[in-house]
1. Would you mind pulling out the separation of the Cα centroids of region B:222-268 and region B:7-46, in Å?
2. Using Cα-Cα distances under 8 Å and only pairs 6 or more residues apart, what relative contact order does region A:74-301 have, in percent?
3. Can you tell me the relative contact order of region B:64-270? Whole percent, Cα pairs under 8 Å, sequence separation 6 or more.
4. If the elastic network links every pair of Cα atoms under 10 Å, which of A:185, A:52, A:274 fluctuates the most in the Gaussian network model of chain A?
5. Scaled to the compact-protein estimate 2.2 N^0.38 Å, what is the alpha-carbon radius of gyration of region A:74-301, rounded to two decimal places?
6. For region A:188-224 and region A:105-167, what is the separation of their Cα centres, given in Å?
7. Could you give the distance between the Cα centres of region A:259-291 and region B:181-217, to the whole Å?
8. Pairs of Cα atoms under 8 Å, at least six residues apart: use those to get the relative contact order of region B:1-143, whole percent.
């Protein structure tokens, strides 16, 4: 490509470059710098690694880390496995009404995070219809305090997130499954493979890149969880605690509180936010590594050996 | 054996019907709820009531819903236009005028997608305060117009474009910007439509950044209003549900009208 033409390309990119530089790159760098400072009001001072050391002894941070971790470890696997099963069912060409089922299952993904959170808050309120249903069917003999008991509250949060995001991931898997040629399945059927075998031996391995992608996206999303816990807790933004026993205190909620609810400490808040960056980076590398097939790993090892020899 | 298959088929359909019911029920419940009084909603009334007009009046008179809707529409509308223009041009620039430096920059921007918004939030808040833009819609718009993800999305969709068409136009003496706006964009309508839908819904549903930036009541967006209404100590269930219906309606309409582009917009980033 000619030099002149390449120069003209910059004209197309430059508006985005300017905006990204000011509103993305500068904030990333500045936030990193802030994580080594302590700000109280307008006074800011450089404190080195003090903020990072403080993290280890900060019970609120550790609680937020634990809460986020619990939600991540329970919600993401259940959601992705359910999505895989649903996609596999919906991928059956002989299934009647699959268009309707697909639309119904995807529908929750169009709601805003605030809207569905508040609907679930109403559904599970003390005098809400879930309690009514459980009472009238005799499953419980007294109404459950869903949103004021820590364990139940986390259960509701996870349930709500499953409702909102399972269909979303199903669509990703479904589109990947539709790229798999139908003849492979027909051949498997002729060879007498059972449905479970076909799913485990053919569909799953071919879906690996998509499973990797959805795992990474869901992990990043859950680590940033903010809208749902904030709105599921009684009193919302202004509440004294985030859910019963602070069970809704996620990392992002804690950062918000550090900046806008307590006496603002932007420096320490930036430190907590960089913890999320490090976790995301670490987990992404780990997931990519785990996502490689054994053959790829073997091939790599062999290459390394040959390189040494 | 045949009977077994039939029985398992029945269970499969039963399972799908239950799952679909769970997915759709909250929608039905909120629409019905918007026509009922708080007491009826709590009592578990599942049929349409006669309180819709009262709820509507409360929402639009006491909470100024029309203004709030207009705020959301303005913010999302302008954001979409900016994203299509800036993001589309950048995606085109990165894909059609490749150079070493551009590839390096592009790779760097891809990496920034791993940085959570919470990290950007504090410096962004400081910048916006310094620029005297606190409590303005412009502050919300400008931040949502900056999206590394959308540049990535555009470039991914442009990869298979036959560059011979651009070469031919160049030989005919067309300028680079004319080629982009008059030849390229019209032939990529479906990509731009998918991007518009995706970014509209993202902006329409955004919460954290508007929560930080918008402070006065008359500037607020639908998500902020709903969040505020539900956290009051005596929540008016019927009115809240109507507000949720009103706020969700645009996205549902877009979804049913452009289902194909909607899904394409979602999947566009992961072309295999």
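1. 18
2. 22
3. Rounded, it is 35 percent for region B:64-270.
4. Sorting by GNM fluctuation, first place goes to A:185.
5. 1.23
6. After rounding, the separation between the Cα centres reads 29 Å.
7. 26
8. 17
Read-outs throughout are calculated quantities, based only on the coordinates presented, and are distinct from any laboratory measurement. None of the values given here were measured: they were computed from a predicted structure.
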